[in-house]
Amino acid sequence: MKAVLFFSTILFSFTCWGSFFPSTIDNKQQLKSTQKRNLVLDTPEFILDFERKMSPLVNAQGGILEIFVSSEQSMNAKATREQFDGKELWLIEIYQGLLASENLTEDEILLVLCHELGHHLAGPPTAQRGGWASCEGQADYWATANCFRQVVRSDVSVEKTSLNLTTHYSQLSFKSPPSLNRRSTTEVQRINYGYPAPQCRLDTLLAEHYGDKRPNCWFVE
């Protein structure tokens, strides 16, 4: 990791794509991903390894997984889809600011990538009716249940990684930090399609690890 990124960075939610952290970037001013790939930076080997391991899941659904690093300095990543040369590209764009942060480990970045892949693969509830992107809570739930253990060493702690990442999220969103020693007491009356509170996100990431269903701090049947 090359440069320090201070936690003064503030984040924003997605509409037709998903990201682990919200972002203040004005999306209307951004280049399309197909254009940005002309500005691609070198992709670290651990991310290429993630792409190799998870591509079969995407291929089985008719997509082609492509992960690339853009020069954006925000601490974020996002999932988008594009038609290119007759192919359905399921993209994950990683901002250089995320990789440059000394506050995140490779394991935590891999969990972010699992979350982004969850927007493509986790299914309903989706962020928009008829849309493809799974909502934030669903992407979190899928990330640890279906992805994280496949891309990290066997000795990596799911609890520690999830706690650290959601703690970063709480700092960036100016919300109370989560804890492994409690659970969210929130009970929603209808599905929260946006970003749940940090404790709720931690509970969701660890739901499968604890043998729990999707927490009712964001989800209802």
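The values are calculated or read from the model by the stated rules, or taken from the named source; none is laboratory data. A quick note: this is a predicted structure, and the numbers were derived from the prediction, not measured. Note: ideal-geometry Cβ built from the backbone for every residue, glycine included; neighbour counts use all protein chains shown. In case anyone asks, the SASA skips ligands and DNA or RNA and just uses the protein heavy atoms, side chains included. Shrake-Rupley method; radii C 1.70, N 1.55, O 1.52, S 1.80 Å.
So who's got an amide H within less than 5 Å of the one on Phe20, skipping anything under 5 residues away but keeping other chains? H placed 1.01 Å off N, in plane.
Those lying under 5 Å, H to H, from Phe20 are Ala77.
Heavy atoms only, probe 1.4 Å: what % of the accessible area of the range 143-221 goes to carbon and sulfur, would you let me know?
On the way: 1920 of 4250 Å².
Taking all protein chains in place, the range 143-221 shows 45 percent carbon and sulfur surface.
Using a simple spin-label model with points 7 Å from Cα along the Cα→Cβ vector, what separation in nm is obtained for Glu159 and Val220?
Result for the modelled spin labels: 3.2 nm.
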